[in-house]
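Have a look at the structure below, then the notes.
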Amino acid sequence: MQLYSRSAGSGLPVVLLHAFPLSSAMWLAQREGLAPLCRVITPDLRGFGGTLLGDDEPSVDAMADDVVRLLDQEGVDRAVVGGQSMGGYVTMALCRRHPGRVLGVILADTKAQADPEPVRANRERIAAAVLAGDTGVLLDGLPTLVGATTRERRGMVLGRVRGLMQAAPPAAVAWAQRAMAARPDAFGTLRSLTVPALVVVGDEDEISPLADARAMAEAVPDARLAVIEKAGHLSAIEQPEAFNRVVAEFVKSLAP
């Protein structure tokens, strides 16, 4: 499996993993804003954007292994690895499976606990629906992906997120939903982290609210928590300047 990837800048490598059901296109403002500071690497996770889906069983572990293979191809030994929402799940899987490849961790608008049964059942419902041709079921979740401020005042941002969602192939949507449903609890992984972590959350995030972010930050031995104001579950897209600012501060703190 070879991940399609967009990169910008040079220096300390920072890998950013996209949210579901988007692609690395969501990180445009991060590639532009952080490139003067570090080497920003933004892959399309399997099935999304320019990356093929392959025939592996759905698993965040498979996605994490894909990212490590990309690091090998890029000649990167260790990197800051981070992700938003689904990208955070993949980041935690990578920390569990390949801890020696991680210099620092960024967990944005995500959660460490496994899905409870009702959430798993809903993921399977959506997976089955999109495979049966009902692609509109995915857009039903658009309002909760962004915060109230974005819904009310940022029509262009809402339209951009809608476009990225509509571009997601149904097979990739179903595969990723099943991968997320099967992921394990990650609090043990967080407690065993030996590198610093930045936990980011939008103050209007309805999917992974502040309580989830606090729980993750408290589990990591060396973590800082950053709250992005007037942002929801896609804080990197909704408030890119504020998001970039906290990431830049974190990356500077890791530089040798």
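The values are calculated or read from the model by the stated rules, or taken from the named source; none is laboratory data. Just so we're clear, the structure is a prediction, and the values are computed from it rather than from any experiment. Glycine gets a Cβ as well: all are built from the backbone with ideal geometry, and neighbour counts include every protein chain shown. Accessible surface is based on the protein model in full, side chains and every heavy atom, while ligands, DNA and RNA are left aside. Shrake-Rupley method; radii C 1.70, N 1.55, O 1.52, S 1.80 Å.
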**OP:** Go over the candidates Pro143, Pro118, Pro99, Pro58 one by one and state the one that is open to solvent by 30 Å² or more (accessible area, probe 1.4 Å) and at pLDDT below 95.
**Re:** Pro143
Original post:
Is it fair to say Ala121 is of a type in the set (A, V, I, L, M), part of a helix (DSSP H, G or I) and more than 17 Å from the chain's Cα centre (by Cα)?
Top reply: yes
Original post:
Give me the pairs: first residue in segment 159-170 and within 12 Å of Val137 (Cα to Cα), second residue open to solvent by 30 Å² or more (accessible area, probe 1.4 Å) and of a type outside the set (A, V, I, L, M, F, W, C), beta-carbon distance under 7 Å, and six or more apart or on different chains, which are they?
Top reply: Pro170/Thr135
**OP:** Can you run down the residue pairs with Cβ atoms below 6 Å, 6 or more apart or on separate chains, where the first is in segment 53-81 and in a loop (DSSP other than H, G, I, E, B) and the partner is surrounded by fewer than 21 Cβ atoms within 10 Å (Cβ to Cβ)?
**Re:** Leu53/Ala171; Gly54/Met1; Asp56/Ala62; Pro58/Arg178; Arg78/Arg101; Arg78/Leu103
Original post:
Regarding Asp72, is this residue surrounded by fewer than 24 Cβ atoms within 10 Å (Cβ to Cβ), under 16 Å from the mean Cα position of the chain (by Cα) and among the charged types (D, E, K, R)?
Top reply: no
Subject >> Unmet criterion (only one of (1) surrounded by fewer than 19 Cβ atoms within 10 Å (Cβ to Cβ); (2) not in a helix (DSSP H, G or I)) for Ala171 >> reply: (2)
Original post:
Has segment 78-90 got at least one residue that is closer than 23 Å to Val246 by Cβ, in contact with a Leu (Cβ under 6 Å, 6 or more places away or on another chain) and open to solvent by 10 Å² or more (accessible area, probe 1.4 Å)?
Top reply: yes
Original post:
Of the residues that make up segment 207-228, is at least one of a type in the set (Val, Ile, Thr), more than 30 Å from Gly50 (Cβ to Cβ) and in contact with a Leu (Cβ under 9 Å, 6 or more places away or on another chain)?
Top reply: yes
Original post:
Which condition number in (1) of a type in the set (S, T, N, Q); (2) in contact with a Lys or Arg (Cβ under 6 Å, 6 or more places away or on another chain); (3) surrounded by fewer than 24 Cβ atoms within 10 Å (Cβ to Cβ) is the one that Ser7 fails?
Top reply: (2)
Original post:
For residues in segment 124-140 being open to solvent by 40 Å² or more (accessible area, probe 1.4 Å) and either within 26 Å of Leu198 (Cα to Cα) or assigned to a helix (DSSP H, G or I) (or both), which is modelled with the lowest pLDDT?
Top reply: Leu139
Original post:
In this structure, is Phe243 in contact with a helix residue (DSSP H, G or I) (Cβ under 7 Å, 6 or more places away or on another chain), modelled with pLDDT of 95 or more, open to solvent by 20 Å² or more (accessible area, probe 1.4 Å) and of a type in the set (Phe, Trp, Tyr)?
Top reply: no
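One line per residue, one yes/no per condition, for (1) open to solvent by less than 30 Å² (accessible area, probe 1.4 Å); (2) under 13 Å from the mean Cα position of the chain (by Cα):
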position: Leu12; (1), (2): no, no
position: Leu17; (1), (2): yes, yes
position: Trp27; (1), (2): yes, yes
position: Gly33; (1), (2): no, no
position: Cys38; (1), (2): yes, no
position: Thr42; (1), (2): yes, yes
position: Gly54; (1), (2): no, no
position: Ala62; (1), (2): yes, no
Original post:
Could you say whether any residue in segment 198-210 is in contact with a Gly (Cβ under 7 Å, 6 or more places away or on another chain) and not in a loop (DSSP other than H, G, I, E, B)?
Top reply: yes
